[in-house]
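Asks: This is the structure, below, for whatever I ask next.
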Amino acid sequence: MSDAEDPDEPGPPFRQGWFYAERVRPAGFRDGVTGALRRRGRVVGLIHLSTESADTYDTEARRLLACLIPALAALADPVAHAGEGHGLPQAGAANPVTADAVIDLPARDRVRVLEDAGFQGLPRAFADTGGHRLRLLWPVGGAWYRVTLHRHPRGPGIPADAVLVHEVPTELPYKLSPRELEVLTRVAMGQTNQAIAQALFLSPRTVHCHIEHMLHKTGAASRTEATALAVRDGLLRPAPEHLAFFVER
């Protein structure tokens, strides 16, 4: 069986293989050629051609198939269009994430937030909520990213539990500090100043000051208005156990 991607070293002639003797010849075929469809270092499929005529697939025919393989591999790649259907911008990194794997997408960088141990539990927690989408902010290595989690539709090469993670670099909106973002997230959860102080190991007075600064920077007139702004614009940095407060269903 010859390898169409390496026509100069075809390997054993097709008719000398066991597959030809036991499967192909009894079916009436006399020659064949097989090629592996490889794309971006991955084998995404195989193509096999058989014919009733002997000595059909010579070196020239195999070279022609080798020329077609890149285009065929692009069509057969099960994850080539995995990021479509979510309205994602062209810019930014994206990966479908499952319980035990991160799936690389063609022409997309791998998302950096998955390098952060604190973020790694979020895709699974999001999947467990049954939500459709969640927007948030997350820091990695001193840089901030605007992150969107999507429920990924099941498809070829994409497991049913996959979550699509998309990120773009950003600055903290409204010149919020990281601590003010944490406080805003808990305000949006409906927590009192006392509860926020206990959760973040701050004094109630410090929490009050953070809220005053946050309201001034965002232009929100109240905690309720700040909550609406945070949920609408994804001004959130929630823990995995708090995602149910914010997912879009």
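The values are calculated or read from the model by the stated rules, or taken from the named source; none is laboratory data. As the structure is a computational prediction, the values presented were derived from the model and not from experiment. Positions of Cβ are generated from backbone atoms using ideal geometry, with glycine treated the same way; all protein chains shown enter the neighbour counts.
For (1) within 27 Å of LEU105 (Cβ to Cβ); (2) in contact with a helix residue (DSSP H, G or I) (Cβ under 9 Å, 6 or more places away or on another chain); (3) outside the structural domain of ALA99 (by TED's automatic domain parsing), each residue gets a yes or a no:
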{"site": "ARG179", "(1), (2), (3)": "no, yes, yes"}
{"site": "ALA188", "(1), (2), (3)": "no, yes, yes"}
{"site": "LEU202", "(1), (2), (3)": "no, yes, yes"}
{"site": "MET214", "(1), (2), (3)": "no, yes, yes"}
{"site": "LYS217", "(1), (2), (3)": "no, yes, yes"}
{"site": "ARG232", "(1), (2), (3)": "no, no, yes"}
{"site": "PHE246", "(1), (2), (3)": "yes, yes, yes"}
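Asks: Still on this model: Could you go through region 49-60 and let me know if any residue there is within 17 Å of LEU149 (Cβ to Cβ), buried (at least 19 other Cβ atoms within 10 Å of the Cβ) and modelled with pLDDT under 85.
Replies: As a first pass, look at region 49-60 and keep what is within 17 Å of LEU149 (Cβ to Cβ): none.
No; the residues of region 49-60 include none that is within 17 Å of LEU149 (Cβ to Cβ), buried (at least 19 other Cβ atoms within 10 Å of the Cβ) and modelled with pLDDT under 85.
Asks: Inspect region 208-217 for any residue being surrounded by fewer than 18 Cβ atoms within 10 Å (Cβ to Cβ), within 30 Å of ALA91 (Cα to Cα) and acidic (Asp, Glu) and give the result as yes or no.
Replies: Checking region 208-217: not a single residue is surrounded by fewer than 18 Cβ atoms within 10 Å (Cβ to Cβ), within 30 Å of ALA91 (Cα to Cα) and acidic (Asp, Glu).
Asks: Also, I was wondering about something else. Right, ALA127: hydrophobic (A, V, I, L, M, F, W, C), in a helix (DSSP H, G or I) and without any contact (Cβ under 8 Å) to a residue 40 or more places away in the chain or not?
Replies: On the way: hydrophobic (A, V, I, L, M, F, W, C): yes; in a helix (DSSP H, G or I): yes; without any contact (Cβ under 8 Å) to a residue 40 or more places away in the chain: yes.
Judged against the criteria, ALA127 is a match.
Asks: Is at least one residue of region 19-32 closer than 28 Å to LEU105 by Cβ and hydrophobic (A, V, I, L, M, F, W, C)? Give the steps one after another, and end with the answer.
Replies: Here is the first cut: in region 19-32, the residues closer than 28 Å to LEU105 by Cβ are none.
Within region 19-32, not a single residue is closer than 28 Å to LEU105 by Cβ and hydrophobic (A, V, I, L, M, F, W, C).
Asks: Take GLU225 and decide whether it is surrounded by fewer than 14 Cβ atoms within 10 Å (Cβ to Cβ) and acidic (Asp, Glu).
Replies: Working: surrounded by fewer than 14 Cβ atoms within 10 Å (Cβ to Cβ): yes; acidic (Asp, Glu): yes.
Judged against the criteria, GLU225 is a match.
Asks: Continuing with the same structure: Determine whether region 152-160 contains at least one residue that is within 21 Å of ALA94 (Cβ to Cβ) and crowded, with 20+ Cβ neighbours inside 10 Å. I'd like the intermediate steps shown before the answer.
Replies: Kept after step one, since they are within 21 Å of ALA94 (Cβ to Cβ), are these residues of region 152-160: 152-160.
Okay, now just the ones that are also crowded, with 20+ Cβ neighbours inside 10 Å, so 152.
Yes, region 152-160 contains a residue that is within 21 Å of ALA94 (Cβ to Cβ) and crowded, with 20+ Cβ neighbours inside 10 Å.
Asks: Quick check on region 100-113. Is at least one of its residues under 30 Å from VAL43 (Cα atoms), in a strand (DSSP E or B) and out of contact with any Ser or Thr (no Cβ under 7 Å at 6 or more places or on another chain)?
Replies: Residues of region 100-113 under 30 Å from VAL43 (Cα atoms): 100-113.
From what is left, the residues that are in a strand (DSSP E or B) are 102.
Next, only the ones that are out of contact with any Ser or Thr (no Cβ under 7 Å at 6 or more places or on another chain) stay: 102.
Scanning region 100-113 turns up at least one residue that is under 30 Å from VAL43 (Cα atoms), in a strand (DSSP E or B) and out of contact with any Ser or Thr (no Cβ under 7 Å at 6 or more places or on another chain).
Asks: Follow-up. Working only within region 194-224, note down all residues that are among the β-branched types (Val, Ile, Thr) and without any contact (Cβ under 8 Å) to a residue 40 or more places away in the chain. Step through it out loud before you land on a result.
Replies: Taking region 194-224 first, the residues among the β-branched types (Val, Ile, Thr) are 196, 206-207, 211, 218, 224.
Those that are among the β-branched types (Val, Ile, Thr) and without any contact (Cβ under 8 Å) to a residue 40 or more places away in the chain: ILE196, THR206, VAL207, ILE211, THR224.
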